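Throughout, read-outs are computed from the coordinates displayed, never taken from laboratory work. In this text the structure is predicted, and so the values were computed from the model without any measurement. Cβ atoms come from the backbone with ideal geometry, glycine included; neighbour counts cover every protein chain shown.
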Amino acid sequence: MTSILVLNGPNLNLLGTRQPEVYGTTTLADIEKLCAGWAADTGCGVAFGQSNHEGHLIDQIHAARGVHDGIVLNAGAYTHSSIALMDAIASVDLPAIELHLSNVHAREDFRHVSYIAKVAIGIICGFGARGYIMALDAMLAHVSDQKT
Ligand code: DQA
């Protein structure tokens, strides 16, 4: 069975109350439920994680090796700064999709830079919580293509 890790970075635990004009009112727990519903519908395994700590995110990426077939990563602000997270993705040889709730390219210039994009198979941004399902669909299709 295909299994996908959905990993969320700093400040995403505050979704629902954090800048709702930018990120909406859906909480991370709501998103986790959405992803669990998608998993039940598709038969694909989904594990869900969040950390505010760069090293802990890196540990979870390393631990995905041999356990999951792909990673959907909303690295939050670490997207724009973390060479270490980029290296972690590059090191585990798993496909990763970069995800953002907001359209980072319509925002401040510093959000236009992404280290994750350099090692991702693709990027989804600007579709709010629905983007998680879009990313899961895209990753499942990608992994299925690789297996055939
Ligand atoms: C975000 C976009 C990032 O620029 C920001 O730092 C976040 C959230 C998003 O999901 O839109 O924390 O990743």
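Length gain on complete extension for the stretch Ala77 to His53, per 0.36 nm per residue less the alpha carbon to alpha carbon distance? Walk me through the numbers on the way to the answer.
Details: separation 24, 0.36 × 24 = 8.64 nm, distance 1.13 nm.
Full extension from Ala77 to His53 adds 7.5 nm.
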Checklist outcome for this item: Computed about the Cα centre, the charge dipole of the range 3-147 from +1 Lys/Arg and -1 Asp/Glu charges at the Cβ has a magnitude in debye, to the nearest 20, of 100 debye
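Considering Cα pairs under 8 angstrom that are at least six residues apart, work out the relative contact order of the chain and quote it in whole percent.
Reported as a whole number, the value is 27 percent.
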Item to check | Inter-site label distance for His105 and Asp137 at 7 Å from Cα along Cβ, in nm | outcome: 1.9 nm
Checklist entry - For the range 31-108, with only Lys/Arg (+1) and Asp/Glu (-1) charged at the beta-carbon, what is the dipole magnitude about the Cα centre, in debye rounded to 20? => result 120 debye
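Over the range 25-96, calculate the relative contact order: mean separation of alpha carbon pairs under 8 Å at least 6 apart, over the residue count, as a percent. Write down the numbers at each step before the final one.
Details: 35 pairs, mean separation 21.5, N = 72.
30 percent.
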Checklist entry - When the chain is fully extended, how far beyond the present Cα-Cα distance does Thr148 get from Asn13, taking 0.36 nm per residue of separation? => result 44.9 nm
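Counting other Cβ atoms within 10 Å, keep those with at most 12, restrict to DSSP loop, and tell me which trypsin sites (Lys or Arg not before Pro) in the range 1-97 are left.
Numbers: sites: Arg18, Lys33, Arg65; in loops: Arg18, Arg65.
Passing both the DSSP loop test and the Cβ count: Arg65.
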